[in-house]
Amino acid sequence: MLPKSDLKNTPDQNGKKFLVFIAYLQVIGIVLVVFGHSFHEYPDGNYGRSLLLYRMLYSFRMPLFLFVSGFLMVYTTKLYSTRSRISDFIKTKIKRLLLPFIVLTLVTFIPRSLMSGMADDGLQLSLTSFWKSFVYNGQLVIPYFWFLQASFILLVSTYIIITLGERAGLNDMVIYPAILLLFFALPYLPVNYSDAFSLSQVARLGIYFAAGVVYCRFLDTFDRFIPWESPIFLICATTLWGWLFFLTENTGAIIICSIAGIAMCISLAKILEHHNITILNHLIGANYMIFLLSWYCNIATQQILHHFIELPWWCFTAMSLLSGIYIPLICYRYLDSHPDSRWIKITAFLLGQSINKKNRKYGG
């Protein structure tokens, strides 16, 4: 585990102070994502989606993931000074997001097609299925990877908007609220969003990405008025989230519930930092590797293993959760501990991973 003092005093790759609470939000988000993917064997015929716990977590876990992505876009790219060229930013995100998407899709397509008789959701071994697996949200080889497509579109489009806005001489008080309003309006526009390149997910979840962008830009102002570190605030935010869930589930107003859930997580992360509770520290930096590799663990422990042994559904869930977090963590630690190996460098590059220990804390 990394002591709190080391975390706080270590700058990130741009020389900025490391934000411990954001690192905790990343960890909380990825744990919830893996947990949400671990209910496949629940006996409801719908992969556990009827469970109240699953539905409640679903209300904010991916919004939280996108919120953190928006926050880090502003924080790690130095949007306040020395802005890089748009083309450089796009190249960086291609390497970080699209290259791992392409590599893991190529590696996984044939094996997944061949195991269609064992897995619940088969994949046809054909050229048509192959090219569609790079394009359409519902036909991705690794279903979770819609997030990579959506994140790339959100990051690039928002970066371009901010850059062009600043070049036009617009004030931040105009640019950032405009971004928030734009993404809030997307789901309500008379547009039939395609599943191609996860555009439908961009429209549905872009508001949370924009919220993260705005929160980071006006961080000091928000933190001056919101008592994040107060246990009373955490209790109130949790209560509000739970109450709003039952009021807004399956309605357009679920966005309010999701925002309350994000506020709950921010408060929890700030409290963990404030009280030096280091239980999550060992996962810091590995969240992106966990995201990329957890699907393989989910499939192995649920859709494959249950063909060979009979266990209660919750055993498969526990194995999926633990393996989905800690096997990728082991892979991450191995890559990070062999920075001089040629093959490790190639592997890390293909997976969009940084193995420079000075730059490793922000995992995505």
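Which members of region 167-216 meet the condition of being out of contact with any helix residue (DSSP H, G or I) (no Cβ under 8 Å at 6 or more places or on another chain) and either in a helix (DSSP H, G or I) or not aliphatic (A, V, I, L, M) (or both)?
Arg167, Gly169, Asn171, Met173, Leu181, Ala185, Tyr188, Pro190, Asn192, listed by residue number.
Inside region 1-78, counting only helices (runs of 4 or more DSSP H) that do not spill past its ends, which hold 3 or more residues that are at pLDDT 75 or above and either out of contact with any Phe, Trp or Tyr (no Cβ under 6 Å at 6 or more places or on another chain) or closer than 19 Å to Pro143 by Cβ (or both)?
20-36, 52-58, 61-76
For region 300-342, which residues satisfy the criterion of being farther than 17 Å from Leu32 by Cα, among the hydrophobic types (A, V, I, L, M, F, W, C) and surrounded by 15 or more Cβ atoms within 10 Å (Cβ to Cβ)? Please lay out each step first, then the result.
The first filter runs over region 300-342 and keeps only residues farther than 17 Å from Leu32 by Cα, leaving 300-313, 315, 330-342.
Pick out the ones that are also among the hydrophobic types (A, V, I, L, M, F, W, C) and you get 300, 304-305, 308-309, 311, 313, 315, 330-331, 335.
If the condition is that a residue be farther than 17 Å from Leu32 by Cα, among the hydrophobic types (A, V, I, L, M, F, W, C) and surrounded by 15 or more Cβ atoms within 10 Å (Cβ to Cβ), then Ala300, Leu305, Trp313, Cys315, Cys331, Leu335 are the ones that fit.
Of all the residues that make up region 185-207, how many are at pLDDT below 90 and of a type in the set (D, E, K, R)?
Count: 1.
Are any of the residues in region 227-245 under 27 Å from Tyr75 (Cβ atoms), open to solvent by 70 Å² or more (accessible area, probe 1.4 Å) and aromatic (Phe, Trp, Tyr)?
Scanning region 227-245, I find no residue that is under 27 Å from Tyr75 (Cβ atoms), open to solvent by 70 Å² or more (accessible area, probe 1.4 Å) and aromatic (Phe, Trp, Tyr), so the answer is no.
What about Met264, is it touching a Phe, Trp or Tyr at 6+ places or on another chain (Cβ under 7 Å) and open to solvent by 20 Å² or more (accessible area, probe 1.4 Å)?
yes
The values are calculated or read from the model by the stated rules, or taken from the named source; none is laboratory data. Here the structure is a predicted model, which means the values were calculated and not measured. With ideal geometry, Cβ positions are generated from the backbone for all residues, glycine too; neighbour counts draw on all protein chains shown. Just the protein is used for accessible areas: all its heavy atoms, side chains included, with ligands, DNA and RNA removed. Shrake-Rupley method; radii C 1.70, N 1.55, O 1.52, S 1.80 Å.
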